[in-house]
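Working notes, beginning with the structure itself.
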Amino acid sequence: MTRPIIGMDFGTTNSGMAIDDGRGLRFLALDTARPQDKVVRTAVYITTDQQIHVGRTAVDTYLEQNTGRAVRMERVWVGEIEVRAEDMYYVEDVYVYNDVLSPGRLFLSLKSGLREPDYVGTVVGQFFYGLEDLIALYLTVTRERAAHQLGYEPREVVLGRPVRFAFTPEQDRLAQARLLDAAFRAGYERVHFQYEPIAAAYSYATTLTRPETILVFDFGGGTLDVTIMRLGPNLRQREILATGGVPIAGDIFDQKLVRAKLPRHFGEGSYYRTDHKRMPVPGWIYDTMADWQHILELQSPDNKLMLADIAQKAERPREIEALISLVAENYALNMFDAAEQAKQELSDKMGALIKLDGPKFHVRQLVTRTDFEAIIRSEVQAIETHLEEILSQAGLKPDDIDVVVRTGGSAEIPIFRRLLADKFGREKLREVDTFGSVTAGLGIIAQGVREGEIDLPGYTPADLPAVPAHGAPRVSPVNLPLLQKRIALQEGNVTDETEAGGQRLVLLAQGNQLLVRLPTAVELPFHEEPAWLTAVTVDYDEPLLLLTNLYRFLLVTPRQIDELAELQMGLADLHQFRKGEEVYGLGDWGAIKTRPWLSIITSRGYARAYRLSTLAPLIESPAPYQFDEALPGVPVALLGTDDADELLMYADNGRALRVPMSHPRLRVRGLQAMQVPEEERVLGGWGLTAGAHEAEDAWVLVTASGHGRRLPLAQIPVLATGKVNHKPLLLSSRRPVAGLAPLAGVRWLVSVEAGTRPCDLSVLPPDMGGTKTVVLVKLGRGDRVLGVC
């Protein structure tokens, strides 16, 4: 017996899933916050560290993390894309306005983007997400939640689709192909499509006792679909007489309501004075208010300067200040939520208030039902004309329609109830489940397909039609399988082999061998013996700062490293490494960016400090930032430092040196503080706070042969201001040196053969002076110590 097929309504505003297993139809709970609801909000919130939230949780998390925070928009070039189709080819630069302070991006109405050939995707954090990836993430979460309830992974689905995604056939075909692609990426192996109003008709047909001619008026958040059918109680007694639709619906009404009623509270129609004349505040500023995401473009550097200048010279400065606050404090989505709530109230009342409160603004805007209907008059006329076209297509008159079935949230708007009542007669109107009828019908159709009662074409990945190809921008594309694995863990359908959360020891060996381990003794599967090793202990989901030998900065979490390893992938795959590119520098980004300087030490003994107030936004920008001019050697230490600190650098030849942050060349061009022979190198460094050198025997030096000694930092010389290439102190005659670290922080000794092993260095004797060392650990033949951590 084949398993039941899922029916899914992937809607513009809400989505739902239903299944008929032969024992009756049931809705699946897709909203974990409100499991009693039949639908879940079609919303995806992706944080910059790649946490995925969907549904109402996505909106709530976005509002919690973003409302009231500062916004700083920067226009970022993310590369070039190639667009190829049957009769066209072109290359264009791709720019995005990126909020460099944003903790994440919220995506609403993703379904509407399917018909837009120019909307290929966007950037979140440091990764590019194609539109199909964004939709696939939403479909993956809902599929995982279905699997959790069903006890198996659904592989086949009947997806609802509007009669018309767009006005042109080309855009309509493109939209369906992209949705099909997203469904396959989400893990479905066979996909059927059914028009949404036909699905609603199947749901209504379960109540029939005799044949009827019905008109389905399916009016949701993204499109209006209209279908005329001849229905009977039996599944085989179904005949489609006409179908049609227009891409007009609730989202457009929200946009028009905001644009018509709210800009005057923020200075529209007012004036400001220049040196020569009185000027109106530009109207294009308020055109951005028709979209909650476009309004953030007013936070670009140029626009911020312009608004600040207008505010100083405005005749109504408080209103311009309110506009600046609305954008800067990130209240755009709150504004649209307030307008939507008022629109919904107008379904039952003759008037409603749009209420919006925030820093420097307190909006109370009355909207009457008459106001709203005047705002959407052109859409009402277009819909009335379309109804006539559908009747003509079916060869029917209004009197020939037995029943008019209304479904979808926008079908509750009074002017459309009146339009249908006037045209067909109030007695013919039937109210069905506003948000669940399409989902229910798709579940019924899915069972009909399974039983062979309904013939509906099924698509497999081999049937995926060609769509315009887009070259990837220079921003690394998101690793979809990696995120899907995380979703499976998050939804409880896969058991994580490691405990969630907590701290992990991250080891970076030369040659991109980046390993994350719990603080237990483990073997390290080095493919080849590395020259050195760096370690840092951070929380599992906290960002690490990595720096390659090409001086490209990357941000990644220990969890992502582990997930990549399980997928048999590495950072080179995730970030599209260039030939010969490898990671060498490793640091705790959360700790580093709390300090004023990022100091870099290289294998050739060079050091330089970079001001983080300038560098941090570049490191956290969408495209991994790369220095135009690199320091000689590869980076071996990334340190957050203060003005009064010192840099401690040590080499494998047993020498060490301290460099004060006050050295004038350190912050300008950098300097070569240590000269090391070509066959040797600086291994790493530390940032020393003021007074650190006063603690006696506070540090330990470990050699590759397993020897060690206590080391007072006061013994290590300081590079005199204005000088370079000071001869460093020889710390040990046993070479090469493997590590230098604070004694209190050392818990593990790392060797090639034994991996990590616990060690207690407190048993070391006091400093014996000179360069003498004692045996710390006995090594096997061919083994050597790589470092301590």
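The values are calculated or read from the model by the stated rules, or taken from the named source; none is laboratory data. Remember, predicted model here, so these are calculated numbers, not experimental data. Methodologically, a virtual Cβ is constructed for each residue, glycine included, from the backbone with ideal geometry; neighbour enumeration extends over all protein chains shown. The protein model used for the area step is the full one, side chains on, heavy atoms only, and it has no ligands, DNA or RNA in it. Shrake-Rupley method; radii C 1.70, N 1.55, O 1.52, S 1.80 Å.
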Can you tell me which residue is surrounded by the fewest Cβ atoms within 10 Å (Cβ to Cβ) among those in region 611-647 that are without any contact (Cβ under 8 Å) to a residue 40 or more places away in the chain and more than 26 Å from the chain's Cα centre (by Cα)? 628
Does region 347-365 include one or more residues that are in contact with a Gly (Cβ under 8 Å, 6 or more places away or on another chain) and buried (at least 17 other Cβ atoms within 10 Å of the Cβ)? yes
Among the candidates 182, 200, single out the residue that is surrounded by 20 or more Cβ atoms within 10 Å (Cβ to Cβ), at pLDDT 90 or above, part of a helix (DSSP H, G or I) and touching a helix residue (DSSP H, G or I) at 6+ places or on another chain (Cβ under 6 Å). 182
Enumerated helices (runs of 4 or more DSSP H) restricted to region 276-378, each holding at least 3 residues that are more than 33 Å from the chain's Cα centre (by Cα): 301-313, 317-328, 369-375
Pairs under 9 Å by beta carbon, first residue free of Cβ contacts under 8 Å to residues at least 60 places away in the same chain in region 413-428, partner surrounded by 13 or more Cβ atoms within 10 Å (Cβ to Cβ) and among the aromatic types (Phe, Trp, Tyr), six or more apart or different chains? 415/372
Looking for whichever is in contact with a helix residue (DSSP H, G or I) (Cβ under 9 Å, 6 or more places away or on another chain), of a type in the set (S, T, N, Q) and either farther than 28 Å from residue 746 by Cβ or crowded, with 22+ Cβ neighbours inside 10 Å (or both) here; the options are 576, 560, 568. Which one fits? 560
List, please: which pairs have Cβ atoms under 8 Å, are six or more places apart or on different chains, and start with a residue in region 366-380 that is closer than 15 Å to residue 255 by Cβ and end with one that is open to solvent by 40 Å² or more (accessible area, probe 1.4 Å) and not in a helix (DSSP H, G or I)? 367/353
Considering residues that are in a helix (DSSP H, G or I) and within 21 Å of residue 212 (Cα to Cα), the number found within region 418-450 is 16
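When the residues of region 579-588 are narrowed to those that are of a type outside the set (D, E, K, R) and in a strand (DSSP E or B), which ends up most open to solvent (accessible area, probe 1.4 Å)?
The extreme case among them is 584.
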Do the conditions hold for residue 232, that is, is it out of contact with any strand residue (DSSP E or B) (no Cβ under 8 Å at 6 or more places or on another chain) and open to solvent by less than 40 Å² (accessible area, probe 1.4 Å)? no
Does residue 22 satisfy the criteria of being on the phi > 0 side of the Ramachandran plot and either outside any helix (DSSP H, G or I) or modelled with pLDDT of 90 or more (or both)? yes
Residue check: is residue 45 open to solvent by less than 30 Å² (accessible area, probe 1.4 Å), under 27 Å from residue 323 (Cα atoms) and not in a helix (DSSP H, G or I)? yes
Restricting to region 488-505, and then to whatever is open to solvent by 30 Å² or more (accessible area, probe 1.4 Å) and modelled with pLDDT under 60, can you tell me which residue is nearest to residue 54 (Cα to Cα)? 494
